[in-house]
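Below you'll find the structure, written out as structure tokens, and then a few comments.
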Amino acid sequence: MSEKVLLECKNLKKYFETPKGMLHAVDDVSFKIGEGKTLGVVGESGCGKSTLGRTILRLLPSTDGKIIFDGKDITDIKPKDMTALRRQMQIIFQDPFSSLDPKMTVYQIIEEPLCIHKVFKNKQERTERVAELMEIVGLDRRYFNTYPHELDGGRRQRIGIARALALNPKFIVCDEPVSALDVSIQAQILNLMMNLKDKLGLTYIFITHDLSVVKHISDDILVLYLGKMVEMTSSDSLFEDPLHPYTKALLSAIPIPDISHKGKEAEIMKGEVTSPIDPPEGCRFAARCPKATERCFKEMPEFIEVKEKHFVACHLYN
Amino acid sequence: MLSIRSSRAEHRRKNMGEKLLEIKNLSVRYTADKVVSRAVNQVNLSIDKGEVLGLVGETGAGKTTTALSILGLLPKYTSTVEGEIIFDGENLKGASEKKLRSIRGSRISMIFQDPMTSLNPVFRVGSQIADVIRFHNRNISHHEINQRVDNILSLVGIPPSRKNEYAHQFSGGMKQRVMIAIAIACNPDLLIADEPTTALDVTIQAQVIKMMRGLQKEMGSSVMLITHDLGIVANFCDKVAIMYAGEIVEYGTLEDVFDKSRPHHPYTNGLFNSIPNITERTKRLTPINGLTPHPSELPDGCKFHPRCPKGSEYCQSGDNPSKYINGTHMIQCHQFDKGGAIL
């Protein structure tokens, strides 16, 4: 890759200790994101998507591995230095209903990061910046003193975006930012995020369970299953030529709003995500995989490059 | 799949195509702090026996209110219901509580959106299913109830051995299966499913929809599927009603609404264009501009005109748009009468 790499994860692991055993939330994840690019992270609930996002932002300490941001290793960075780094790394949360403080007005919510990082000397400058941010995300100025509960989901998510943008970050983790919204509003927010990316040169990690959403916004897509990387490639080649049986199953499960598909029974994946606590050896998807062989239950497939820039972890391709 | 007992299913199969539910000019208003919200406005709908109707719309469009009004579950003192709800020849609007209780869960039942909060956390799931059966069949033995619970659990794909577990021991998809088991326990004529898969993963959603479709075919029940996902509608429904701001703006068979070569309401077109398409490569989505109006501040004229790309001055006038009707297809929009924007 000739472009500048903004974020790199090397064998990142995050385990949680639970009374039942070790929970492997993120297991051996490595990737690079170039500046100005978007990486989509896809998987079902409980596959470690959000934990990955939070570990990268150091909101959770990692168990093992390295996180390199803008050429610096931030894996064991001191909390004080991390605070300074937060100006460059931000997050947009999934639920616009619970991620905004109900006792703060829209103005206060967007102003808060500016106060914490002491970006402006006086209140007037801060107010101007808040007004500017609200304009960027398409919120009317009359909402300055309203509380989040007075607004609908789409507007609330715009507040979350304005708050994340307040400090001019380089990098934003978007943790399912549109999954709580209606389709027509979802399209508005997705377009807004793509426009912001182009205008401000942002780099995104876009976490979602909805493959159709991620197709539009991502350059590359990483599919996770039980904390493990399953497939990673460019957005186009993932949709044109999905290799891993799990990716195929995810794609075929999307209901298509076209009646010519009616009656065609898509191959439906059986079972549910198994427990991430002390996962068995071998491929973690083997229990649900329609093509699993004996080898899949015994041996963990390696994550290898099968085609140009198309990585997959499956014994079928090895 | 296990066969479903009862002559009811047989009977229903014989009478397919007869009208089961007819809603005429239904309007629901909520009043709170002297603010009147017009949640449902002059809705007309009908469901035939054995038919699946998809009720599509965004948050606040009045889908759930419509469903709750059928069951008489709206709050008594803060809501006013007008119109007629004719179920199997009887008007349920204004029916006595006793009458409604005998219908709820037995002839009409409902699956709620959020399986996480709809199940009782302190009762075993088996006993929650047994409750419904016991309430509607006073004379059957304990043993028989147990058998029926086992039967229903295996119908929805849960091993009957799990009936003594509590809701928190089930995953989201499994909880929704329990909800479905409760709803079909008495083999209802009409099943209202209020966004049954919104809280689930796509893969689990596909499993649940497939199961519901199988059950519907087997039982011959009618289903009213409330959803905002046109993909699910395309897979499951026979008829579609598109709801916006408490009104049905487009109504017809699946082919009427999904066939792109036919005329449509601008809102329907907007909904289709908002969905990210996985088979085509486009750089930007085409959303519907603006927001759904709050039911207490509905605009005059056509309720969609502030967001409509085809809106003209005429659309802002006081009249409700006329209905364009072509066979089974109904569209409520000014573009089909003289004064409105031309197609």
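Assorted remarks:
- Within the stretch B:226-343, strands (runs of 3 or more DSSP E) holding 3 or more residues that are touching a His at 6+ places or on another chain (Cβ under 6 Å): B:247-253
- Check on residue B:295, of a type outside the set (Asp, Glu), more than 9 Å from every other protein chain (Cβ to nearest Cβ) and without any contact (Cβ under 8 Å) to a residue 60 or more places away in the chain: no
- Scanning the stretch B:126-174 for residues that are under 23 Å from residue B:213 (Cα atoms) and in contact (Cβ under 8 Å) with a residue 40 or more places away in the chain yields B:129, B:132, B:133, B:151, B:154, B:155, B:156, B:157, B:170, B:172.
- Residue B:318 vs. criteria in the same structural domain as residue B:34 (by the TED database), within 25 Å of residue B:39 (Cα to Cα) and modelled with pLDDT under 85: yes
- Residues of the stretch B:210-226 satisfying the condition of being surrounded by fewer than 24 Cβ atoms within 10 Å (Cβ to Cβ) and either within 13 Å of chain A (Cβ to nearest Cβ) or modelled with pLDDT of 95 or more (or both): B:210, B:211, B:213, B:214, B:217
- For the stretch A:224-244, the set of residues classified as part of a helix (DSSP H, G or I) and crowded, with 23+ Cβ neighbours inside 10 Å consists of A:238 only.
- Residue list for the stretch A:126-141, restricted to those being within 14 Å of chain B (Cβ to nearest Cβ) and surrounded by fewer than 19 Cβ atoms within 10 Å (Cβ to Cβ): A:138, A:140
- Matching option when the condition is surrounded by 14 or more Cβ atoms within 10 Å (Cβ to Cβ) and closer than 23 Å to residue A:186 by Cα, among A:98, A:45: A:45
- Exactly one residue out of A:60, A:7 is touching a residue at least 40 places away in the same chain (Cβ under 8 Å), at negative phi and over 14 Å from the mean Cα position of the chain (by Cα): that is A:60.
- Residues in the stretch A:16-34 that are within 20 Å of residue A:75 (Cβ to Cβ) and either charged (D, E, K, R) or surrounded by 18 or more Cβ atoms within 10 Å (Cβ to Cβ) (or both): A:17, A:24, A:25, A:26, A:27, A:28, A:29, A:31, A:32, A:33.
- Selected residue (criterion: farthest from the other protein chains (Cβ to nearest Cβ)) from residues of the stretch B:254-271 that are surrounded by 16 or more Cβ atoms within 10 Å (Cβ to Cβ) and of a type in the set (Ser, Thr, Tyr): B:268
- Of all residues making up the stretch B:31-72, the number that are in contact (Cβ under 8 Å) with a residue 60 or more places away in the chain, away from every other protein chain (no Cβ under 14 Å) and among the aliphatic types (A, V, I, L, M): 11
- Within the stretch A:251-265, considering residues that are in a loop (DSSP other than H, G, I, E, B) and at the interface with chain B (Cβ under 7 Å from one of its Cβ atoms), the one modelled with the lowest pLDDT: A:262
Rundown of residues vs (1) surrounded by fewer than 14 Cβ atoms within 10 Å (Cβ to Cβ); (2) not β-branched (Val, Ile, Thr), yes/no style:
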| site | (1), (2) |
| --- | --- |
| B:91 | yes, yes |
| B:98 | yes, yes |
| B:104 | no, yes |
| B:128 | no, yes |
| B:136 | no, yes |
| B:149 | no, no |
| B:152 | no, no |
| B:160 | no, yes |
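- Test: residue in the stretch B:272-279 that is surrounded by 18 or more Cβ atoms within 10 Å (Cβ to Cβ), at pLDDT 85 or above and more than 9 Å from every other protein chain (Cβ to nearest Cβ): no
- Members of the stretch A:144-200 found to be assigned to a helix (DSSP H, G or I), more than 14 Å from chain B (Cβ to nearest Cβ) and either over 27 Å from residue A:126 (Cβ atoms) or not basic (Lys, Arg) (or both), listed by number: A:148, A:159, A:160, A:161, A:162, A:164, A:165, A:200
- Single residue of the stretch B:179-207 satisfying the filter (aliphatic (A, V, I, L, M) and in contact with a Phe, Trp or Tyr (Cβ under 8 Å, 6 or more places away or on another chain)) that is farthest from the other protein chains (Cβ to nearest Cβ): B:190
- Residues considered: A:189, A:185, A:259, A:172. Of these, the only one that is buried (at least 22 other Cβ atoms within 10 Å of the Cβ), farther than 21 Å from residue B:198 by Cβ and among the hydrophobic types (A, V, I, L, M, F, W, C) is A:172.
- Selection status of residue A:201, modelled with pLDDT of 90 or more and out of contact with any strand residue (DSSP E or B) (no Cβ under 6 Å at 6 or more places or on another chain): yes
The values are calculated or read from the model by the stated rules, or taken from the named source; none is laboratory data. All values derive from a computational prediction rather than experimental measurement. Every residue, glycine as well, gets a Cβ built from its backbone with ideal geometry; the counts of neighbours run over all protein chains shown.
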